[in-house]
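The values are calculated or read from the model by the stated rules, or taken from the named source; none is laboratory data. Nothing here was measured: the structure is a model prediction, and the numbers come from that model. All Cβ positions, even for glycine, are placed from backbone atoms using ideal geometry, and neighbour counts span all protein chains on display. Keep in mind that these areas ignore ligands, DNA and RNA; they rest on the heavy atoms of the full protein, side chains included. Shrake-Rupley method; radii C 1.70, N 1.55, O 1.52, S 1.80 Å.
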Amino acid sequence: MILKLVVTGANGQLGREVARQGGKHELLLAGRDVLDISNRVAVTAFLKAHKPDAVIHCAAYTQVDRAETDENGAFLVNVIGSQNLAASCLEIGARLVQVSTDYVFDGTKRQPYREFDAVNPQTVYGRTKWQGEEIVRQILGRHYIVRTAWLYGDGNNFVRTMRKLATGNPVLKVVHDQVGTPTSTVDLARVIYKLLESDAYGTYHATCQGQCSWYEFACEIFRQDRKRVLVEPVLTEQFPRPAKRPAHSVLDNHMLKMTIGDPMRSWQEALQEYLAQD
Ligand SMILES: NC(=O)c1ccc[n+]([C@@H]2O[C@H](COP(=O)([O-])OP(=O)(O)OC[C@H]3O[C@@H](n4cnc5c(N)ncnc54)[C@H](OP(=O)(O)O)[C@@H]3O)[C@@H](O)[C@H]2O)c1
C-alpha cells in the first residue's frame, strides 16, 4: 500500500526518522517553517491542498520544564494544534497518527502501564499531551494515538548528552530513582508505519522492551561504547527541576502485541544500532 503522508514537526527528532523511513510512500515533510500547526487556517489550507491519506503528527511543544511557566504556549501547540489537524483530517477523510507520552501517567504504578490505565498527568506538558489525545479522540474516529517514552534519535537527547559529558568530566552523577524504557526513533517510526498498514485504530504504547533507570541507561551507553566513565547514582531530589518527572513510567505495549503482533526490540539492542551510527 503506497500512501500519501504529511509529516508534521518534520525537523524534530522523530520527524526526521519518519522522513528517513518513508520508503515507498509519498511524503510531504512539514516542519514548523512549512506548517505551524497552531494556525487553524494554515492547517486547513495545507491539508485541503495536498489531500494526504494520513498525517503523522510528530510536532509538539516538548520543553517540559519551560511548559510549567508557559501553559498557554504548550496548550496552543499540543491541544489546539492537534485539534486543527484532527478537524482537517475529518474534513478530507484522512487518518491521523498522534504521538503522545508516558507523562500522561503519574508514575506511581509499580507495574508497566497498559493503554487503558487511568491517566494522571503531573505536569503542564503531560496535561496538554493528554488533552491533545482527548481532542483527537473526540473529533476523529480513524486515529492511532501512540504513546512513547525516553526517545532518542537525531536531535538533542540523553545519549548524546552522556557522550558529550563523558569527555572532560571525571564523574557523572545520574538519577537512579526514575525508571522507564529508552526508545529509539528508529523503532518508533517502524511501528508507526506498520500501524498505518492496518485499520487497527486506537491507543497504543510503543516503547522498546525492558526497563532501566537513567543511571543504568548511562552505564549501558558507556559499556557498549567501551568507555571507562565513572557514573554515580543519585536521587531525583539532588537535581531539582521545575517539572516533576514520573518515577516509574514503564509502558506495556499490550495493544501492539494484541493487534499487529509487534512487541518492538529490547532497548539494549536498539541502543547498539544507534551508537554504531550516531
Ligand atoms: N523526546 C522524548 O523523550 C519524548 C518522549 C515521549 C513522547 N515524546 C513525543 O514524541 C513526539 C516527537 O518528539 P521529539 O522528541 O521528536 O520532539 P522534538 O525533537 O522537540 O520535535 C518537535 C518538533 O515540533 C516542532 N514544533 C513545535 N511547535 C510547532 C508548531 N506550532 N508547528 C509546527 N511544528 C512545531 C518543533 O519545531 P521547533 O524546533 O522549531 O520548535 C520540533 O521540530 C512528540 O509528540 C513528543 O511529545 C517525546
Exercise for review: Take the alpha-carbon positions of the chain, form their convex hull, and give its projected area averaged over all directions (one quarter of the hull surface) in nm².
Suggested key: 14.0 nm²
Point to revise | Rounded to whole Hz, the Karplus (6.51, -1.76, 1.60) HN-Hα couplings of the stretch 204-213, x for glycine and proline | key: 10, 9, 9, 10, 4, 8, x, 7, 6, 8
Point to revise | Local net charge near residue 246, Cβ-Cβ under 10 Å (Lys/Arg +1, Asp/Glu -1) | key: +1
Review point. Relative to the longest principal axis of the chain, what angle (0 to 90°, nearest 10) does the C-alpha long axis of helix 185-196 take?
Key: 30 degrees
Exercise for review: Report ³J(HN,Hα) in whole Hz for each residue of the stretch 261-268, in order, from the Karplus equation J = 6.51 cos²θ - 1.76 cosθ + 1.60 where θ = phi - 60°; Gly and Pro get x.
Suggested key: x, 10, x, 6, 6, 5, 5, 5
Practice item. Give the accessible area for residue 252 in Å² (nearest 10); use a 1.4 Å probe, count only protein heavy atoms, and leave out ligands, DNA and RNA. Key: 20 Å²
Review point. Could you state the per residue volume, in Å³, of the convex hull enclosing the Cα atoms of the stretch 18-155?
Key: 125 Å³
Practice item. Kindly rank 202-209, 230-237 from highest to lowest mean number of other beta carbons found within 10 Å of each residue. Key: 202-209, 230-237
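For the chain, which longest stretch is free of loop sites, where a loop site is one of the trypsin sites (Lys or Arg not before Pro) that DSSP puts outside H, G, I, E and B and that has at most 14 other Cβ atoms within 10 Å?
25-109
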Review point. In whole angstrom, how far apart do the alpha carbon centroids of the stretch 218-278 and the stretch 61-111 sit?
Key: 22 Å
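Return the calculated 222 nm mean residue ellipticity for the chain, to the nearest 500 deg cm²/dmol, obtained by summing -39500 (n - 2.57) across DSSP H runs with n ≥ 4 and dividing by the residue count.
After summing the helix terms and dividing by residue count, I get -11000 deg cm²/dmol.
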Revision key, fill the gap. With the 1.4 Å probe rolled over protein heavy atoms, the stretch 104-184 has an accessible area per residue in Å² of 43 Å²
Practice item. Quick one: angle between helix 124-139 and the longest Cα principal axis of the chain, in degrees between 0 and 90, rounded to 10, please. Key: 30 degrees
Exercise for review: May I ask which residue of 151, 239, 219 lies farthest towards the positive end of the charge dipole of the stretch 137-278, with charges of +1 (Lys, Arg) and -1 (Asp, Glu) on Cβ and the Cα centre as origin?
Suggested key: 239
Practice item. Determine the share of the stretch 169-268's accessible area contributed by carbon and sulfur atoms, expressed in whole percent, with a 1.4 angstrom probe. Key: 52 percent
Check your understanding: Rounded, prolate or oblate: which one fits the stretch 226-278, using the alpha carbon gyration tensor with axes a ≥ b ≥ c (rounded when a/c is under 1.5, else prolate when a/b beats b/c, else oblate)?
Key -> oblate
